[in-house]
1. Identify the single condition in (1) open to solvent by less than 30 Å² (accessible area, probe 1.4 Å); (2) assigned to a helix (DSSP H, G or I); (3) more than 14 Å from chain B (Cβ to nearest Cβ) that A:Phe139 does not satisfy, given that it satisfies every other one.
2. Run B:Ile87 past the list (1) under 14 Å from the mean Cα position of the chain (by Cα); (2) more than 16 Å from ligand 2 (Cβ to nearest atom); (3) closer than 29 Å to B:Ala218 by Cα and report the number of the one that doesn't hold.
3. Does B:Glu124 meet the test of being open to solvent by less than 10 Å² (accessible area, probe 1.4 Å), touching a strand residue (DSSP E or B) at 6+ places or on another chain (Cβ under 7 Å) and at pLDDT below 95?
4. Hey, B:Glu293 hits all of (1) within 16 Å of ligand 1 (Cβ to nearest atom); (2) more than 14 Å from chain A (Cβ to nearest Cβ) but one; which does it fall short on?
5. Can you find a residue in region A:72-94 that is in a helix (DSSP H, G or I), out of contact with any Phe, Trp or Tyr (no Cβ under 8 Å at 6 or more places or on another chain), within 30 Å of B:Ile179 (Cα to Cα) and not basic (Lys, Arg)?
6. Failed condition for A:Ser93, given (1) within 22 Å of the chain's Cα centre (by Cα); (2) of a type in the set (Ser, Thr, Tyr); (3) within 13 Å of ligand 2 (Cβ to nearest atom), with all others met?
7. So A:Glu326 fits all but one of (1) within 14 Å of chain B (Cβ to nearest Cβ); (2) crowded, with 19+ Cβ neighbours inside 10 Å; (3) assigned to a loop (DSSP other than H, G, I, E, B); what number is the exception?
8. Checking B:Glu155 against (1) at pLDDT 95 or above; (2) within 13 Å of ligand 2 (Cβ to nearest atom); (3) open to solvent by less than 60 Å² (accessible area, probe 1.4 Å), which test does it fail?
Amino acid sequence: MTKKAIYGLSVLAVVLGLYGFYSRLFIGEREVNYGSFVTWGLWVAMYLFFAGVASGSYMVATLDYLFEIPLFKGVGKYALWGAMVTLPAALMSIGFDLGHMERIWKVYLNPNFSSLLAQMVWGYTIFGMVILLTLWMVFRSPEKPPLALKLLMVVGFIMAIFVSGGVGALLGVNASRLVWHVGLLPAQFPIFSAATGFALLLVILAFFGPEDDPRLGQQLRVLGITVIVMLIVKTYILWADFSMSLYSGVPQNVDAINEVLFGQYWWAFWIIQIILGTVLPVIVLAIPNLSRQRLWAGVMGLLVLVGFAAARANIVFPALTIPELEGLATAFSGPHLSFEYFPSLMEWSVTVGIMGLATLAFLIGLDRLPFFKKVQDLSHER
Amino acid sequence: MNTSAEVKEVTRRNFLRGAAGLTGAAVALAALDELEAHPETALASYEAQIAALQAVNNDPTQMDVLERMRIELLRALQKPVEDRRWIMVIDLRKCVGCHACTIACVAENKLPPGVVYRPVLEEEFGEYPNVTRRFTPRPCMQCENPPCTPVCPVEATYTNAEGVVVVDYDQCIGCRACIAACPYGARTSDFGLTYTEDLPVADNLIVGMDTAEAYERASNFEYGEARSRKGHSSPIGNARKCHFCLHRVRVGELPACVTTCIGRATLFGDANDPHSLVAEMSAKPNVIRLKEELGTEPRVYYLV
Ligand code: SF4
Ligand code: SF4
């Protein structure tokens with residue numbers, strides 16, 4: 001029932017996305033609201049988010065294939081498949097953001113490796129291959145992870161940390177954007193990624209986990225507690241970052257933080273990121289009875305994911321809404337020359353469409369890929 | 001480019017006309033081709049042009065600074081490319097905030113809506129009766145240590161032999177990483193718009209609409225390449241920025257903003273020439289550079 005509903009929702013999302021895909025592919029970037037001042041918008045935030053979920057999911061898969069924790073035996077595949085569908089979603093998001101996406105091959109043929117962006121394109125491409133290889137090995141030996149798989153998981157785990165930290169560096173290396181520079185984003189991001197990996201697995205198991213697996217309640221409970229811990233760590237990092245920035249009082253930095261806390265989109269921070277994405281899930285998942293129930297656990301996992309998506313956006317835009325020079329905002333006016341930003345309908349459409357495609361791909365894999373059948377068979381046999 | 005024999009005497013009037021960019025960018029492009037094909041002829045022509053300018057007036061203290069800078073420019077062009085070091089000096093006390101430079105740049109480089117290379121920032125200070133305004137023209141600083149180039153994933157933007165930070169439009173993938181990295185907001189992205197398209201007016205109500213449309217689509221000549229605006233071809237989708245009008249400079253013309261500045265506030269030239277106006281002015285004690293603390297080493301100096 002739930003699955004059918006989610007199938008329906010994801011098809012609807014894809015349909016809603018068609019307008020954005022068409023506009024972006026056949027008209028170009030005219031209908032976007034990001035511009036020359038807020039250079040990166042929703043799509044870059046979603047790239048960071050999806051890339052984080054992909055690397056985080058891979059990290060979570062090590063519970064099964066590397067550390068062989070009995071409680072999580074058999075669920076690593078879900079995490080891996082989650083990584084496999086979110087990675088292309090990340091690449092699509094960033095691909096659509098390129099002014100000349102047809103030239104992406106240049107990053108492979110004439111890369112400038114001093115550029116974090118080039119490193120990330122290569123890093124995520126290799127990481128994607130690692131995920132594929134891991135899936136293939138898992139498929140070949142569903143019973144017990146062979147040594148080669150364990151070694152691969154070690155490599156993949158380390159890569160996941162690097163690539164998820166790397167996207168933090170993508171922003172962090174811009175020394176002139178203080179709010180990105182002082183926040184030590186390459187250190188924050190792997191933690192954010194792991195948190196979203198756990199949250200995604202919580203959602204997947206809650207909504208699609210094998211019906212009759214007696215471990216499910218316990219799995220949800222353990223994942224819920226892990227998510228709570230991660231959220232607390234994340235909130236602490238946020239506190240450290242913001243309080244330090246505000247305390248030191250460098251105007252450009254203070255302005256950016258104030259923009260997040262009290263700016264036009266204060267609600268994205270306080271309501272989505274803090275209340276819905278952090279406080280509510282922490283409370284609900286802390287209650288043993290609720291956290292074992294599929295619906296509660298799943299919805300809370302979803303809220304955590306939405307909160308993290310908002311968190312990524314709250315990192316990307318506010319830094320860009322502070323004019324680099326006094327008077328720049330009013331010196332010359334024209335389309336795409338604004339320090340204010342809210343994604344356009346077309347940008348939302350693309351993002352919704354990408355989410356729909358990723359979810360659809362996930363569900364189809366779940367239904368069609370032979371190894372999910374095997375997982376379910378295995379849990380039946382147990 | 002004319003051969004030395006053909007050089008006609010450059011009167012002050014037609015020099016100024018040429019300097020104002022009225023000779024047309026297409027002529028400049030032809031001149032660039034000629035320069036590549038026959039560098040010796042070009043060199044001789046520079047000599048002749050300098051002589052012609054000096055024949056009219058040979059006292060640097062009496063000359064219009066535009067004439068002096070043009071002579072110095074032609075002199076610099078006789079040196080190997082890597083021995084030139086183009087800089088700009090902007091005297092904020094002389095800027096009246098007319099924005100003519102901004103518009104000259106828009107016209108010269110045929111910038112579409114949303115793309116600007118040289119806005120003039122306006123600030124107001126003080127309280128009545130002690131109120132004052134400051135106008136700061138802001139071209140690309142052509143940083144000696146530019147944060148915008150190392151972040152480019154495909155080396156599409158780099159510092160060329162003359163020290164100017166350029167963008168290779170055919171290489172640029174439009175990721176806008178360079179725009180985010182520039183501490184001066186000096187880069188903008190071309191989103192493929194035009195001024196005339198989709199104007200909410202009934203047909204034929206704007207006189208000359210067709211001409212305006214054709215003008216917008218016709219080529220610009222940045223970097224000495226003719227690029228018309230059609231479809232999604234570069235520079236649409238690319239990062240764009242001030243390039244000190246290299247296509248003009250290479251054929252002996254001053255940047256468009258310099259020639260149109262009514263206050264003669266913007267000076268341009270070769271800092272490696274110790275006798276140049278810019279070398280002289282950039283050594284004044286009242287010179288500053290924007291955001292010096294970032295270590296970008298701008299090549300644009302401000303006199304305050
Ligand atoms: S002013 Fe900006 S665009 Fe120009 S060279 Fe410096 S960093 Fe690059
Ligand atoms: S927008 Fe173009 S020039 Fe700028 S970093 Fe990206 S590829 Fe390089």
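1. The failed condition is (1).
2. Condition (3) is where B:Ile87 drops out.
3. Working: open to solvent by less than 10 Å² (accessible area, probe 1.4 Å): no; touching a strand residue (DSSP E or B) at 6+ places or on another chain (Cβ under 7 Å): yes; at pLDDT below 95: yes.
Taking the combined requirement at face value, the residue does not satisfy it.
4. (2)
5. Scanning region A:72-94, I find at least one residue that is in a helix (DSSP H, G or I), out of contact with any Phe, Trp or Tyr (no Cβ under 8 Å at 6 or more places or on another chain), within 30 Å of B:Ile179 (Cα to Cα) and not basic (Lys, Arg), so the answer is yes.
6. With respect to (1) within 22 Å of the chain's Cα centre (by Cα); (2) of a type in the set (Ser, Thr, Tyr); (3) within 13 Å of ligand 2 (Cβ to nearest atom), A:Ser93 is out only on (3).
7. That leaves (2) as the condition not met.
8. (3)
The values are calculated or read from the model by the stated rules, or taken from the named source; none is laboratory data. Please read these numbers as outputs of a predicted model, since none were measured by experiment. Methodologically, a virtual Cβ is constructed for each residue, glycine included, from the backbone with ideal geometry; neighbour enumeration extends over all protein chains shown. When the accessible area is computed, the model is the full protein with side chains, heavy atoms only, and any ligands, DNA or RNA have been set aside. Shrake-Rupley method; radii C 1.70, N 1.55, O 1.52, S 1.80 Å.
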